[in-house]
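FYI, it's all coordinate maths here, none of it is from the lab. Everything numeric in this text was worked out from a predicted model, so none of it was measured. Cβ sites come from the backbone with ideal geometry, for glycine too, and all protein chains shown count toward neighbours.
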Amino acid sequence: MPVKHAVMGLIVERPGYGYDLHNRLSHRLGPRLAVPEATVHSSIKSLRGSGHIEVVRRSFRGEQAAIWYGATEGGRDWYADWLDEPVVREPVRREVYLKFAMIDATRVPRLLEQFRRLELECLAAIAAHTRARPLADELSDPVTLQMAARLLNESGALDHLNADLMFVKRTLGVLRWAEAEGSVPRDKLLEAVS
């Protein structure tokens with residue numbers, strides 16, 4: 001996820017400081033797509049280093065300093081260019097696929113253990129997503145575009161988690177056969193991939 005672009009978008013909307021930007025991004029994305037505060041601060045550092053944002057104000061509350069950032073002209077242009085880029089589907093090249101593609105018989109027990117862990121992680125993440133507040137409590141009519149985007153993103157994240165879980169479960173079945181038999185019966189493989 002290009003977090004620095006989202007942080008830039010918030011700064012284009014109005015100047016902000018690290019903690020403020022993290023809170024605004026969290027509200028925009030919702031709790032299930034949370035971004036760590038350190039990632040927001042790293043994005044600020046990167047954006048400042050590239051000249052896309054600049055310090056516009058410093059405020060103090062006791063000994064705490066808040067450094068407010070605003071967008072430069074070049075930063076506004078860079079952000080607008082990013083928004084105008086075509087949206088493309090991400091390639092399927094995650095590490096889990098590469099590791100599985102490179103497997104040999106000696107690594108089956110270790111990969112089986114890793115896929116069991118992945119299954120538990122997927123189940124826990126799906127449970128966390130589905131424990132959300134009822135949507136009716138958050139929605140007014142009409143629904144703002146920002147809220148609609150947030151809910152659609154959360155729904156997409158849940159779809160992605162369910163797809164990951166399906167892949168992990170199918171892979172676990174194949175790995176179990178490979179561990180027990182040293183190979184996978186044709187009908188079991190076809191069942192797993194269909």
Using packing as a proxy for protection, rank 180-186, 119-125 so that the peptide with the highest average count of other Cβ atoms within 10 Å comes first. 119-125, 180-186
Multiply the residue gap between GLU119 and VAL143 by 0.36 nm, knock off their C-alpha separation, and tell me the result in nm, one decimal place. 5.1 nm
Can you tell me the 0 to 90 degree angle between the C-alpha axis of helix 145-181 and the longest principal axis of the chain, rounded to 10? 20
Ranked output for segments 80-89, 61-70, 37-46, 3-12 by mean other Cβ atoms within 10 Å, highest leading, reads 3-12, 37-46, 61-70, 80-89
In what sequence, highest mean first, do 161-173, 145-157 appear when ranked by Cβ atoms within 10 angstrom? 161-173, 145-157
When volume of the Cα convex hull per residue in Å³ is calculated directly from the model, which label among (1) 126; (2) 116; (3) 194 fits? (3)
Per the rule of 0.36 nm per residue minus the C-alpha distance, extending ASP81 to SER46 adds in nm 10.9 nm
Dipole axis of the chain (+1 Lys, Arg; -1 Asp, Glu on Cβ), positive-most option in ALA178, LEU145, GLY30: ALA178
Relative to the chain, whose Cα atoms define the longest principal axis, helix 37-49 and its Cα axis are tilted in degrees, nearest 10, by 60
Note the angle between two axes, namely the Cα long axis of helix 3-13 and the longest principal axis of the Cα atoms of the chain, as a number of degrees from 0 to 90, rounded to the nearest 10. 30
Calculated FRET efficiency, SER59 and ASN23, Cβ-Cβ r, R0 25 Å, to nearest 0.05? 0.95
Residues ARG76, ARG94 arranged by fewest to most Cβ contacts within 10 Å: ARG94, ARG76
